[in-house]
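A short reminder: the numbers here are calculations on the coordinates, not readings from a lab. Remember, predicted model here, so these are calculated numbers, not experimental data. Methodologically, a virtual Cβ is constructed for each residue, glycine included, from the backbone with ideal geometry; neighbour enumeration extends over all protein chains shown.
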Amino acid sequence: MRILEYTVRPGEAGRTVRAVALKGMKLSRGGFSSLKFQNAVFLDGAPVHADVRVAAGQVLSVHLTDAGQTMTPYAMPLSIPYADDDLFILDKPAPLPTLCSARQTGPTLENALYAFLGCPEDYVFRPVNRLDKGTSGLLAVARNAHMQQLLQKLLHTPDFVREYLAVCEGRPEKDAGVIDLPIAKAGDGIRRIVRPDGLQSRTHYQIIEEGKNGRCLMRLRLETGRTHQIRVHLAAMGCPVTGDYLYGHAEPALPGRFALHSCLLRLRHPLTGETVQVKSPLPEALSALLRDEQT
């Protein structure tokens, strides 16, 4: 259980508990209603009605709990470069799925974190951004519903920046630029395509290294967050991600994965206002692709 506390400011004196919780604590209306129903809202340590007027200096607190879910733990080493009471930033290996599902019953990041935390009864996995099974790198996971809701509002804004490194087959004509191509679903499967009636999708790119084998290393930043956006955009530019078995060709040196890595995650912490920035270096298996000669 996470307890959030907020001290009422002089300018908020006379406002209702509900008003202070929504504006001062940044709770959503739905979230506050749920907490109220659970009798999880307190003023100076005592249960309080939503319409009670507050005074400056009083402490409003809410108890955030999750219903929890049953799953099989999967013990594995986890890299967690950042953690606080409300947020994890995990460095996901590949190939490892992020989420459990009806089709994905084996090891996932979801049940690996469950095992790491000691299989808590109130465990709910709350990823903020998503990574494909074949992509490695940084992923933000909220530790409660309130934090997840606040962080998801920051996605695709300057307050939540994601950058990637990709080894590609070939290179675009320009050393840097913006790929602005609409992306749509290709039928009923997971595959996406560039199509005029698709959703606007923008990816910033810069070539930072060229190999002697026709490959290059690119740094990419997402302005929008479409499914498979980087992979679709680079394939459309004629330089698919190395090992991308869906939009290019599989690479024997990368079994089950492709050469895409989430290398930087920077966000403004919704509760503290501080900037959190984490970096992850390019895995050696991907760096080696720039040195190997193509056959």
Taking the chain and a Cβ-Cβ threshold of 4.7 Å, the cysteines left without a partner are Cys100, Cys119, Cys216, Cys263
With n ≥ 4 as the cut-off for DSSP H runs, can you work out [θ] at 222 nm for the chain, using -39500 (n - 2.57) per run divided by the number of residues, rounded to the nearest 500? -4000 deg cm²/dmol
FRET efficiency (His249, Gln38; Cβ distance; R0 41 Å; to 0.05) is 0.20
Where does the longest stretch of the chain lie that holds no GluC sites (Glu not before Pro) found in a DSSP loop with 13 or fewer other Cβ atoms within 10 Å? 1-120
Assuming R0 = 41 Å, can you tell me the calculated FRET efficiency for the pair Ala186 and Ala55, based on Cβ-Cβ distance, to the nearest 0.05? 0.10
Run the numbers on segment 124-237 and let me know its relative contact order in percent, using alpha-carbon pairs under 8 Å that are six or more apart. 24 percent
Short version: ³J(HN,Hα) in whole Hz for each residue of segment 48-55, in order, from phi by Karplus 6.51 cos²θ - 1.76 cosθ + 1.60 (θ = phi - 60°), x for Gly and Pro, what are they? 9, 7, 5, 9, 5, 7, 9, 10
Loop-located trypsin sites (Lys or Arg not before Pro) in segment 140-200, at most 16 other Cβ atoms within 10 Å (DSSP): Lys174, Arg191
Could you check the simple spin-label distance between Arg2 and Ala236, using points 7 Å along Cα→Cβ, in nm with one decimal? 3.6 nm
Dipole size in debye (nearest 20) for the chain around its Cα centre, Lys and Arg Cβ +1, Asp and Glu Cβ -1? 740 debye
For Arg266 and Glu121, extending 7 Å from Cα along the Cα-Cβ vector and measuring point to point gives, in nm, a value of 4.3 nm
For the pair Ala176/His63, report the inter-label distance in nm, with labels modelled 7 Å from Cα in the Cβ direction. 5.3 nm
Would you work out the relative contact order for segment 206-261, in percent, from Cα pairs under 8 angstrom that are 6 or more residues apart? 18 percent
Compare the Cα positions of Tyr123, Ala50, His228 along the charge dipole of the chain (+1 at Cβ of Lys, Arg; -1 at Cβ of Asp, Glu; about the Cα centre) and return the one farthest towards the positive end. Ala50
Only Lys, Arg (+1) and Asp, Glu (-1) charged, at Cβ; segment 73-225 dipole about Cα centre in debye: 500 debye
Among Cys168, Tyr205, Gly256, whose Cα projects farthest towards the positive end of the dipole of segment 150-264, with charges put on the beta-carbon of Lys, Arg (+1) and Asp, Glu (-1)? Gly256
Quote the relative contact order of the chain in percent (integer), defining contacts as alpha-carbon pairs under 8 Å separated by 6+ residues. 15 percent
Neighbour net charge for Pro93 - beta-carbon separation under 15 angstrom, K R +1, D E -1: -1
Once Ile208 and Ser28 are pulled to full extension, the length gained, defined as 0.36 nm per residue separation minus their Cα-Cα distance, is 60.6 nm
When the chain is treated as a Gaussian network with springs between alpha carbons less than 10 Å apart, the largest mean-square fluctuation among Gly177, Gly248, Gly187 is found at Gly187
Please name which of Leu286, His269, Leu78 has its Cα lying farthest along the dipole of the chain towards the positive end, using unit charges on Cβ (Lys, Arg +1; Asp, Glu -1) and the Cα centre as origin. His269
Extension length gain for Ala75 and Thr157 (0.36 nm per residue less Cα distance), in nm, is 26.1 nm
